[in-house]
Structures are given as structure tokens and as C-alpha cells.
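Read the structure below first, then the notes.
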Amino acid sequence: MLLSVQCGNVNRIEMWGIDASTNYLYDVTTGRLIAVSSYVSPGQEPESCAAGQIDSLACDHWVATDLCP
């Protein structure tokens, strides 16, 4: 499943498998990749940063859009 999540100036694209996702965070204004993170379903490992800096990208009001047809 592919999910697009936007908050402020960050667009987050989540690529989900059965119980984990790889997340790509982009700057909305420039389109540049800011960070890459991974996440395992709730109750498992917390989200971890694979590249870039996700600490400054925290957002309390993400708006999700399912990209799957």
C-alpha cells in the first residue's frame, strides 16, 4: 500500500508491506528528499531514521491520503 501524508511543508510517502513501512519525507516547496525512515506496526519497534533528520519534522496533525486505487 502506498500512502501520502502531508503536514506543513513536509510530504511523507509511506510504502507499507504487511507489518512495516519505509517512509520518504520530501520538502513540499522544493520537492527535495529530506529524510528516509522505517516503521514497524504498532507495538513493535518505534520509527527509526535511515537517512536525513526526522527530529525536526515532528507533526501532530498529519493529513493522510491513500494513493491505492
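The values are calculated or read from the model by the stated rules, or taken from the named source; none is laboratory data. Source: prediction; values computed, not measured. Cβ sites come from the backbone with ideal geometry, for glycine too, and all protein chains shown count toward neighbours.
Which residue is modelled with the highest pLDDT, if the candidates are limited to the stretch 28-69 and must be closer than 14 Å to residue 5 by Cβ and acidic (Asp, Glu)?
Restricting to residues being closer than 14 Å to residue 5 by Cβ and acidic (Asp, Glu), the top hit is 47.
Return yes when residue 14 is modelled with pLDDT of 85 or more and within 11 Å of the chain's Cα centre (by Cα) and no when it is not.
yes
Can you name the residue in the stretch 1-33 that is without any contact (Cβ under 8 Å) to a residue 12 or more places away in the chain and of a type outside the set (D, E, K, R) and is also farthest from residue 52 (Cα to Cα) among such residues?
18
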